[in-house]
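Student: What follows is a structure written as structure tokens; I'll ask about it next.
The values are calculated or read from the model by the stated rules, or taken from the named source; none is laboratory data. Computed from a predicted structure; not experimentally measured. Ideal geometry is used to build each Cβ from the backbone, glycine not excepted, and the neighbour counts take in all protein chains shown. Surface areas here come from the heavy atoms of the whole protein model, side chains and all, with no ligands, DNA or RNA. Shrake-Rupley method; radii C 1.70, N 1.55, O 1.52, S 1.80 Å.
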Amino acid sequence: MKTDALIHDLGRIVGAEHVLEAAGHYLHDTTLTMGLRGEAEAVVRPGSTEEVAATVRHCYEHDVPIVPRGGGTGFAGGATPTQGGIVLSLERLARVRSFDPLLWRIEVEAGVRTHSVQRLARENGLAFPVDPGAAEESQIGGNIATNAGGPHCFKYGVMRAWVTGVEAVMAPGEIARFGGPVRKDVAGYDLLGLLCGSEGTLGIITAAWLRLIPAPPVSLAAAGFYSDAAAGQEAIEQLMASGVQPAAIEYLDAATLAICGATFPGGMPADAGFLVITEADTSEADFAELVEALGPGARTPDPRALWRWRDSVSLAVTVSRGGKLSDDIAVPVDRLAEAVERTVEIGRRHGLQACSWGHAGDGNLHSTFLLDPGEPAERRAANAAAEELFALAAELGGTISGEHGLGVLKNHKLSLQWSPAAVGAHDAVRGALDPKGLFNPGKKLA
Ligand SMILES: Cc1cc2nc3c(=O)[nH]c(=O)nc-3n(C[C@H](O)[C@H](O)[C@H](O)COP(=O)(O)OP(=O)(O)OC[C@H]3O[C@@H](n4cnc5c(N)ncnc54)[C@H](O)[C@@H]3O)c2cc1C
């Protein structure tokens, strides 16, 4: 279909002012730091579920690819339009449809930002524990589509655990509802679970019912510095054996500390080779147990300053060389130190500075290769290093993605960790729910 005709037709559905020229931030997510930018015929910003359905119907009829876009904070190129078509931005679906604090539940449209749900919960004595690092920009729809995690998912579980229902537009433009405000529902197949982590390849999420919990009584954080990853691994295992369930266990390796350590609240020891951060959200007594488990070097900086600092790590690493390829492999927690050390070795073999940090309790590493995005040779080296990293994750019995999804960066890699039959089941599901292959083509699966 000709672009002018497409823009005209879509303008009749959503209003001409909501069909934009495809430009600027709509053409990329955070993988721009490694030079990934797409092209599209238009950006479409529907204002209601019905407008999303009509847009999908039109695109489906005319074979136009549809790339759903949330906050654009993804780390896998999932929202980048790599095969043309339209970018369907959910930003105008930003209403809280209902909020029942006494029943611990909220129903929001897909474009509501993660931070807004967290804030609304907090202001009402509740908590929404899913806390991906870019919560001020990421959207609930994007969080569901990536099945997002974050530091507190160690205790509370990733996004899937907090969604009781999803409203979505499925091919060829039908509005469907999976689950709802009910807390238990085993009547059908777990299609709700299927949409969590579907990365825009099965349909467009337009709204969700989320679970909330009463706000934890305390938020006390502590940090321990260690000489190397092996010593840090021991501390992590001590935390898990302490009898207290930590709300989070995070880590930074020596190379990340070399970049960010100077601004650690209260200062960092000169010989620090590994950092473990943990939090208790239950009681002072539990916190004391965790501090003891961290060992003699434990410190207790102001928790807000500590988490602010932790939140700044990803950006600080990016700006250190201007770009990075940051992955999110996860390994069994007892293999963490090995994965940390081998990440650095892989980088060295490819002539790249490498570092990692992440969600230690989940064995989830943000293994990162630093690069200058203007240097194609470095980008190629980083891609080659990432291939080795994925093989490492598989070798250690882990996964190539613990929380960011496969997007376009790893769209042909599922067979590294799944059997041919399991990969075939993925292809069959996608074929059944998106027979024309128009929902985010080229993403997640090859
Ligand atoms: C500084 C920083 C820290 C981060 N820390 C974490 C972390 O700790 N844990 C973590 O899990 N992630 C983290 N992320 C990654 C990112 O924030 C998450 O993946 C987030 O869930 C993406 O949400 P988004 O709204 O920005 O989605 P986008 O980037 O816009 O899209 C992500 C994918 O979801 C699809 N999608 C988006 N909205 C919809 C919808 N409504 N319906 C269907 N498909 C849709 C897109 O097509 C794409 O495939 C971090 C990112 C940054 C920049």
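Student: For the range 296-317, check the following and say yes or no: at least one residue is within 15 Å of the ligand (Cβ to nearest atom), among the polar types (S, T, N, Q), open to solvent by less than 70 Å² (accessible area, probe 1.4 Å) and under 15 Å from F225 (Cβ atoms).
Tutor: There is no residue in the range 296-317 that is within 15 Å of the ligand (Cβ to nearest atom), among the polar types (S, T, N, Q), open to solvent by less than 70 Å² (accessible area, probe 1.4 Å) and under 15 Å from F225 (Cβ atoms).
Student: If H115 passes every condition in (1) closer than 26 Å to W307 by Cα; (2) in a loop (DSSP other than H, G, I, E, B); (3) of a type outside the set (S, T, Y) but one, which one does it miss?
Tutor: Every listed condition holds for H115 apart from (2).
Student: Considering the range 9-30 alone, what residues qualify as being among the charged types (D, E, K, R), more than 13 Å from the ligand (Cβ to nearest atom) and either open to solvent by less than 30 Å² (accessible area, probe 1.4 Å) or in a helix (DSSP H, G or I) (or both)?
Tutor: So in the range 9-30, the residues among the charged types (D, E, K, R) come out as 9, 12, 17, 21, 29.
So of that shortlist, the ones also more than 13 Å from the ligand (Cβ to nearest atom) come out as 9, 12, 17, 21.
The answer is D9, R12, E17.
Student: Restricting to the range 411-420, and then to whatever is part of a loop (DSSP other than H, G, I, E, B) and more than 12 Å from the ligand (Cβ to nearest atom), can you tell me which residue is surrounded by the most Cβ atoms within 10 Å (Cβ to Cβ)? Please lay out each step first, then the result.
Tutor: Kept after step one, since they are part of a loop (DSSP other than H, G, I, E, B), are these residues of the range 411-420: 411-413, 417-419.
After this cut, where a residue has to be more than 12 Å from the ligand (Cβ to nearest atom) as well, the list is 412-413, 417-419.
Numbers: H412: 13, K413: 20, Q417: 16, W418: 15, S419: 9.
By that ranking, first place goes to K413.
Student: Here is a follow-up. Specify which of the listed residues (A330, A391) is without any contact (Cβ under 8 Å) to a residue 60 or more places away in the chain and either over 30 Å from R57 (Cα atoms) or β-branched (V, I, T) (or both).
Tutor: A391
To keep it simple, each residue is scored yes or no on (1) at pLDDT 95 or above; (2) within 24 Å of L409 (Cβ to Cβ); (3) near the ligand (Cβ under 8 Å from one of its atoms); (4) hydrophobic (A, V, I, L, M, F, W, C).
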{"position": "V130", "(1), (2), (3), (4)": "yes, yes, no, yes"}
{"position": "G133", "(1), (2), (3), (4)": "no, yes, yes, no"}
{"position": "A145", "(1), (2), (3), (4)": "yes, yes, yes, yes"}
{"position": "W162", "(1), (2), (3), (4)": "yes, no, no, yes"}
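Student: Turning to a different aspect of this structure: If you check I249 against the conditions, is it closer than 25 Å to Y60 by Cβ, at pLDDT 95 or above and among the β-branched types (V, I, T)? First the steps, then the outcome.
Tutor: Working: closer than 25 Å to Y60 by Cβ: no; at pLDDT 95 or above: yes; among the β-branched types (V, I, T): yes.
Criteria not met by I249.
Student: Whether any residue in the range 85-95 is under 21 Å from A168 (Cβ atoms), among the basic types (K, R) and either open to solvent by 10 Å² or more (accessible area, probe 1.4 Å) or within 16 Å of the ligand (Cβ to nearest atom) (or both) is what I want to check. Steps first, please.
Tutor: Step one: list which residues in the range 85-95 are under 21 Å from A168 (Cβ atoms), which gives 85-95.
Now narrow it down to the ones that are among the basic types (K, R): 92, 95.
From what's left, either open to solvent by 10 Å² or more (accessible area, probe 1.4 Å) or within 16 Å of the ligand (Cβ to nearest atom) (or both): 92, 95.
Looking through the range 85-95, at least one residue is under 21 Å from A168 (Cβ atoms), among the basic types (K, R) and either open to solvent by 10 Å² or more (accessible area, probe 1.4 Å) or within 16 Å of the ligand (Cβ to nearest atom) (or both).
Student: Something else now. For G142, state whether it is under 27 Å from W357 (Cβ atoms), open to solvent by less than 30 Å² (accessible area, probe 1.4 Å), within 14 Å of the chain's Cα centre (by Cα) and touching a residue at least 60 places away in the same chain (Cβ under 8 Å).
Tutor: yes
Student: Going by what's in this entry, would L212 be described as aliphatic (A, V, I, L, M), more than 16 Å from the ligand (Cβ to nearest atom), farther than 19 Å from V67 by Cβ and touching a strand residue (DSSP E or B) at 6+ places or on another chain (Cβ under 8 Å)?
Tutor: Working: aliphatic (A, V, I, L, M): yes; more than 16 Å from the ligand (Cβ to nearest atom): yes; farther than 19 Å from V67 by Cβ: yes; touching a strand residue (DSSP E or B) at 6+ places or on another chain (Cβ under 8 Å): yes.
In short, yes.
Student: Here is a list of conditions, (1) polar (S, T, N, Q); (2) open to solvent by 30 Å² or more (accessible area, probe 1.4 Å); (3) closer than 11 Å to L10 by Cβ, and T33 meets all of them except one; can you say which number that is?
Tutor: Tallying (1) polar (S, T, N, Q); (2) open to solvent by 30 Å² or more (accessible area, probe 1.4 Å); (3) closer than 11 Å to L10 by Cβ, T33 fails exactly one: (3).
Student: Those residues that are surrounded by fewer than 15 Cβ atoms within 10 Å (Cβ to Cβ) and among the hydroxyl-bearing types (S, T, Y), I need them from the range 171-229; list them, please.
Tutor: Scanning the range 171-229 gives Y189, S227.
Student: Name, by its number, the condition in (1) away from the ligand (no atom under 11 Å from the Cβ); (2) hydrophobic (A, V, I, L, M, F, W, C); (3) under 24 Å from the mean Cα position of the chain (by Cα) that does not hold for A53.
Tutor: (3)
Student: For the range 421-441, check the following and say yes or no: at least one residue is at pLDDT 95 or above, away from the ligand (no atom under 16 Å from the Cβ), open to solvent by 40 Å² or more (accessible area, probe 1.4 Å) and farther than 30 Å from E174 by Cβ.
Tutor: Taking every residue of the range 421-441 in turn, none turns out to be at pLDDT 95 or above, away from the ligand (no atom under 16 Å from the Cβ), open to solvent by 40 Å² or more (accessible area, probe 1.4 Å) and farther than 30 Å from E174 by Cβ.
Student: Another question, if that's okay. Give me the residue from the range 318-367 that is farther than 19 Å from M34 by Cα and in a loop (DSSP other than H, G, I, E, B) and, out of that set, most open to solvent (accessible area, probe 1.4 Å).
Tutor: P332
Student: A follow-up question, please. Does any residue of the range 382-402 turn out to be within 16 Å of the ligand (Cβ to nearest atom) and of a type in the set (F, W, Y)?
Tutor: Checking the range 382-402: not a single residue is within 16 Å of the ligand (Cβ to nearest atom) and of a type in the set (F, W, Y).
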